[in-house]
1. Among residues belonging to the stretch 219-245 that are among the β-branched types (Val, Ile, Thr) and under 17 Å from Ala182 (Cβ atoms), point out the one that is nearest to the chain's Cα centre (by Cα).
2. Does the stretch 203-212 hold any residues that are part of a loop (DSSP other than H, G, I, E, B) and free of Cβ contacts under 8 Å to residues at least 24 places away in the same chain, and which are they?
3. Could you check the stretch 245-264 and list, in sequence order, the residues that are at negative phi and among the small types (Gly, Ala, Ser)?
4. Taking Lys7 and the conditions (1) at negative phi; (2) touching a Leu at 6+ places or on another chain (Cβ under 6 Å), which numbered condition does it fall short on, given that it satisfies the others?
5. Quick one: count up the residues across the stretch 177-202 that are among the acidic types (Asp, Glu) and in contact (Cβ under 8 Å) with a residue 40 or more places away in the chain.
6. Select from the stretch 182-198 the residues that are within 18 Å of the chain's Cα centre (by Cα) and of a type in the set (A, V, I, L, M) and write down the one among them that is surrounded by the most Cβ atoms within 10 Å (Cβ to Cβ).
7. Just give me the residues in the stretch 223-253 being assigned to a helix (DSSP H, G or I) and open to solvent by 10 Å² or more (accessible area, probe 1.4 Å), in sequence order.
8. Restricting to the stretch 265-305, and then to whatever is among the basic types (Lys, Arg) and in a helix (DSSP H, G or I), can you tell me which residue is most open to solvent (accessible area, probe 1.4 Å)?
Amino acid sequence: MFKPDLKVDLNGLVMNNPITVASGTFGFGREYGEYVDLNKIGGIMVKGLTLKPRMGNPSPRVAETPMGMLNSVGLQNPGIEYFMEHEIPFLRQYDTKIIANINGTNIEEYCEIAEITSKADVDSLELNISCPNVKAGGLAFGTDPKMVHKITKAVREASGNKHLIVKLSPNVKDIKEIAIAAEEAGADCLSMINTLTGMVIDINSRKPILARGIGGLSGPAVKPVAVRMVYEAAGVVNIPIIGMGGISKYEDAVEFLLAGADAFSIGTANFVDPSICEKILNDLTLYMESNNIRSIKELVGQVIK
């Protein structure tokens with residue numbers, strides 16, 4: 001029996017396998033390390049980082065929904081300096097790539113954290129452009145192609161030659177325009193999709209369950225939307241894509257690969273089963289063996305149109 005080649009090259013970011021974990025669902029890996037071998041994860045997208053520590057949004061900030069969950073955590077994190085001093089040395093014990101998810105409230109702040117992080121011992125930066133743009137009246141950076149191009153170009157220059165992933169928001173009119181804008185501005189890779197915007201209401205109190213009312217929807221409910229958007233983006237860009245959104249079993253992962261993703265990310269499913277990454281890796285390997293698929297590349301973009 002042959003051993004399938006699971007190695008992927010995301011435009012310079014080479015991982016042992018196509019499995020990553022979505023930012024905000026895996027912390028910095030410490031807790032999950034008790035349940036899953038971190039060496040078996042291709043890359044870890046760490047909890048979203050900001051320049052200074054953030055306490056996040058008031059609670060309740062998580063709500064369960066049918067086939068998913070809503071969150072409005074608000075980027076609670078210890079700040080970039082703490083991450084560099086305490087979390088990078090921990091992660092470097094493992095044979096996995098470190099992907100730093102960076103966030104800001106304006107372009108200057110994004111560039112500052114990108115410059116700092118690009119000099120740290122991380123393998124890639126993931127530019128999260130789904131945060132409010134305070135200077136533009138609270139609009140999200142990721143919903144306007146011109147703004148996507150502007151911020152990606154600025155961060156590209158601030159981060160030098162560091163591998164740069166741009167994380168796309170699904171809350172847009174045309175994902176193809178957004179993907180093209182990120183590629184033209186210098187992104188090495190795309191990750192998609194971030195959460196959809198959603199809301200749940202307590203019918204007894206008649207109040208939103210989340211303290212801030214609206215949150216990000218993730219989990220199996222968003223998978224068909226995510227697969228469609230990956231398929232559309234893959235048809236118009238020439239850079240790799242990390243697909244995400246509702247992956248909870250190997251069949252889901254294969255769907256993303258067939259749609260055009262070069263790798264995939266597991267998010268909400270980690271909360272349900274902390275060992276899910278290793279299970280999907282094992283099942284994906286068995287699927288490839290039983291179907292005589294020698295390389296993961298043989299699946300990418302191979303949906304029959």
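1. Our first condition is that a residue be among the β-branched types (Val, Ile, Thr); within the stretch 219-245, this holds for 222, 225, 227, 230, 236-237, 239, 241-242.
After this cut, where a residue has to be under 17 Å from Ala182 (Cβ atoms) as well, the list is 230, 236-237, 239, 241-242.
Numbers: Val230: 13, Val236: 20, Val237: 18, Ile239: 16, Ile241: 10, Ile242: 7 Å.
Residue satisfying both the conditions and the ranking: Ile242.
2. Our first condition is that a residue be part of a loop (DSSP other than H, G, I, E, B); within the stretch 203-212, this holds for 203-206, 209-212.
Result: Ile203, Asn204, Ser205, Arg206.
3. Within the stretch 245-264, the first condition is being at negative phi, and the residues that meet it are 247-259, 261-264.
The answer is Ser248, Ala253, Ala259, Ala261, Ala263.
4. Among (1) at negative phi; (2) touching a Leu at 6+ places or on another chain (Cβ under 6 Å), Lys7 violates only (2).
5. So the first thing to find is which residues in the stretch 177-202 are among the acidic types (Asp, Glu), and the list is 177, 183-184, 188, 202.
Now drop any that are not in contact (Cβ under 8 Å) with a residue 40 or more places away in the chain, which leaves 183, 188.
Counting residues in the stretch 177-202 that are among the acidic types (Asp, Glu) and in contact (Cβ under 8 Å) with a residue 40 or more places away in the chain gives 2.
6. Residue satisfying both the conditions and the ranking: Ala182.
7. First, pick out the residues of the stretch 223-253 that are assigned to a helix (DSSP H, G or I): 223-234, 250-253.
Answer for the stretch 223-253, where residues must be assigned to a helix (DSSP H, G or I) and open to solvent by 10 Å² or more (accessible area, probe 1.4 Å): Lys223, Pro224, Val225, Val227, Arg228, Tyr231, Glu232, Ala234, Tyr250, Glu251.
8. Lys297
The values are calculated or read from the model by the stated rules, or taken from the named source; none is laboratory data. Just so we're clear, the structure is a prediction, and the values are computed from it rather than from any experiment. Cβ: placed from backbone, ideal geometry, glycine included. Neighbour counts: every protein chain shown. Side chains are part of the model used for accessible areas, which takes the heavy atoms of the whole protein and leaves out ligands, DNA and RNA. Shrake-Rupley method; radii C 1.70, N 1.55, O 1.52, S 1.80 Å.
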